[in-house]
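Undergrad: Got a structure for you, questions after.
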Amino acid sequence: MSRPLSKQLLEKARVGLVKRPLTTNAAAAVTESAKSKAKRLVFDSRSPSLQDFLAQRQIPNAKPVDSALARPDQVPYLQAQGQQLGRGRKFYIEVYGCQMNVNDTEILNSIMTKTGFERTDNLDEANVVFLVTCAIRDNAEVRIWDRLKYLRHYKTKINVDNPPIVGVLGCMAERLKTKLLEEDRLVDIVCGPDGYRSIPHLISLAEDEYDGGVANVMLSADETYADVMPMRLDTNSVSGWVSIMRGCNNMCSFCIVPFTRGNERSRPIDTILDEVRYLNDQGVKEVTVLGQNVNCKVQLLKATSSIFVDQVFVLLAYRDESESKHFMAGDNTGANLSNDGFKTIYKRKEGGRRFTELLDKVSLINPEMRIRFTSPHPKDFPTDLLHLIASRPNLCKSIHMPIQSGSNSVLERMRRGYTREAYLDLVAEMRRIIPDVWISSDFITGFCGETEEEHRDTVRLMEQVKYDTAFMFAYSMREKTHAHRRYLDDVDEKDKSRRLQEIVDTFHSQASVKNQGLIGTKQLVLIDSDRPKTKYGVETKVSGKSDGGHKVFIQQEGGANELKKGDYVQVEIKHATSASLTGRSLGLSSIAQFAQQQRRGYATFRRHEGRQLYRTFLKAGNAVVSTPQSKRNMKSLIREGFTSDRFATDARIDIKVKNTLELLHIAATRKGLERDIVNNLCELKYDEDKYNKRPPFFNRNLSSQLKAMHYASREELNLTIDILNKDLDLCLL
């Protein structure tokens, strides 16, 4: 005969029933520590469900309960939306890692505030302390463990009278789960990225019943916090972040994110646009739309200061299938992979509104608000998106393209889904469509089995692409990943450190040369800091970011209007390093005004100097060619260059004009390759003009092979000119 439920079992069942609304798949497991007898409550995805627990203890022949007589328990912490939960108690947040963690913290800030808690920047005032954590690399977790040990000392030795509850949130919580509760009583609450709504409940449970700690480490298939309006940590910041999706399906072999953040799911487009409009109304001048973090440079982010984080995200997989009040269903714009050299290890879903459509809508909310996105897996970069970026002045031209390694064999082991050649083709297309694009990337050195030759492939790729910004790390093996199951972390730590230093040195040498080329150019800078600095012996009172994401320190002459945070300023660059720029303020500007000036290109290229420069080009060009026909072709070529806007937004136009004139002078003084290049371009210009008037197969029946050969030769010509422009820094048409 079965025993009736004991009082203890009934209590456990009541707690499980109370927590049931957190998720339809919730499972509650209550354990007791053998040493301390402390009660512990853990919600995860592996324990038997509450239904299983009750089914094993059904009382035979029991009478059914009359629902009319049933009364639910009055449990205070179920009043999730009320102000009684917090009762004015204070919480303190430390954020480690990436911008996604910053956005998560703003979501947490909103949830806690709505339930009656107050945020404080003073640890001594806090009743609850949260650490929002990162799990990408071992160093990130080591830092959290050290901080937890200090907090234990703080609770037991310093603030004995009012020791705060300590909670670990985010990716490290999801990865380690109950290990955090078991480790020497360092933590009271553990909560993964999908469980933030339950945190006020977890606090009540940790305070009232479960002195062994509580944890909610369940991953959700649909949680996006779309209905939670984040509360900004720094209301004085001119920048804001909007999360548009969570999770990741790419399953790169080195990455822990799919195991700590779950599968991809996208927010409805209406909620995203509402949040961007809200930030615009708050005076935010720059919004970064975020996908899922897959890499980060770990640092502590203080909620009281401006927040700038190094990040890599996957967000171009955004696909909204929700019903929208304002927008029609997607037409599959931007649904293609970058090019034929890219693939996925999962089946891509069709339909829905894609990221290109979303970015289009976001950019139209306020043309004077900068929009950044951070940033795609290289496979998710359709041509539609490139053309959209090129056409909208407020869409920043800085694009993050994490390649991780320059070796095809390493990329295959990493399961990245592309080759070195496919990536370089994408870079070339990007620079063709967006001439002034700024490209950044991530690099992991010392991945499993990496040889010296594979490492050299990465160095050579960095030298070829010439990145504007790069985030570089030595590989750190993470449990549960594909690499952890299949490969050995067999590269010696000394070799990892040496190779890391080599790619760091390679980047800085290339970036320094590239940034030196910006001296003399004009950049539009959004001021985001008013902290004084001394640069090159001159005090700079403000600084900001250029369109390309460079840190720019601004020197201001006496008597000029005082610049402040949130101003757009046109700056003439005077000094440059591999990491920052310094320039002189030319006065206030706007995105539209600066874009209009850039579009004028050669036609208004310093108007008072334009005619003289045109005559200089004609004189130099005529000195190279000799026949009347060639001179006519040369004049046509130069005139077209001065009226074309192809390089109108090129920040390096001054340098390219100087180099092109130098090429003409060299070609005029001696025979050789330089003269052949110039003469051939004139002849090709003549042929192109003829072709435009009457194509060679006009009204002629030519075979498809001949037509294909003709088109291929024209493409080869354009490719040759592009290579000359890129390698020699010229402005050839």
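Undergrad: So if each residue of separation counts as 0.36 nm, and I subtract the Cα-Cα distance between Thr577 and Ile433, what length gain in nm does that give?
TA: Roughly 49.1 nm would be gained on extension.
Undergrad: For segment 149-294, compute Rg over Rh where Rg is the Cα radius of gyration and Rh is the Kirkwood radius from the inverse mean 1/r over Cα pairs.
TA: My calculation puts Rg/Rh at 1.03.
Undergrad: A follow-up question, please. Listing Cys171, Cys255 from the residue with the fewest other Cβ atoms within 10 Å to the one with the most, what is the order?
TA: By the 10 Å Cβ count, ascending, the order reads Cys255, Cys171.
Undergrad: Rank Ser580, Gln556, Leu526 by how far each Cα sits towards the positive end of the charge dipole of segment 522-588 (+1 on Lys, Arg Cβ; -1 on Asp, Glu Cβ) and give me just the farthest.
TA: Working it through, the farthest residue towards the positive pole turns out to be Ser580.
Undergrad: Quick one: grab the alpha carbon gyration tensor of segment 479-544, order the square roots of its eigenvalues as a ≥ b ≥ c, and give me rounded if a/c is under 1.5, else prolate or oblate depending on whether a/b is larger than b/c.
TA: prolate
Undergrad: Right, here's the next one. Based on Cβ point charges of +1 for Lys and Arg and -1 for Asp and Glu, what charge dipole magnitude is obtained for segment 341-481 about its Cα centre, in debye rounded to the nearest 20?
TA: About 540 debye.
Undergrad: For segment 419-578, report the % of Cα-Cα distances exceeding 27 Å.
TA: 42
Undergrad: Something else about it: Grab the Cα-Cα distance for Thr383 and Glu463, subtract it from 0.36 nm times how many residues apart they are, and report the gain in nm with one decimal.
TA: The span from Thr383 to Glu463 would gain 26.3 nm if fully extended.
Undergrad: Now for a separate question. Can you tell me the dipole magnitude for segment 445-603 around its Cα centre, using point charges on the Cβ only (Lys, Arg +1; Asp, Glu -1), in Debye to the nearest 20?
TA: 680
Undergrad: Can I ask one more? Most exposed first by the Cβ proxy, i.e. fewest other Cβ within 10 Å, how do Tyr154, Tyr225 rank?
TA: So the ranking, lowest neighbour count to highest, is Tyr154, Tyr225.
Undergrad: Compute, for segment 510-589, the length of the dipole vector about the Cα centre, with Cβ point charges of +1 (Lys, Arg) and -1 (Asp, Glu) only. Units Debye, rounded to 20.
TA: Value, rounded to 20: 220 debye.
Undergrad: Looking at this model, which pairs from Lys149/Lys179; Lys522/Lys658; Lys522/Lys619; Lys514/Lys658; Lys397/Lys522 are more than 25 angstrom apart at the alpha-carbon?
TA: From Lys149/Lys179; Lys522/Lys658; Lys522/Lys619; Lys514/Lys658; Lys397/Lys522, over 25 Å: Lys522/Lys619.
Every number here is computed from the coordinates shown, using simple stated rules; none is lab data. Since this is a predicted model, take the numbers as computed values, not measurements. Don't worry about glycine lacking a Cβ; one is built from the backbone with ideal geometry, like all the others, and counts go over all protein chains shown.
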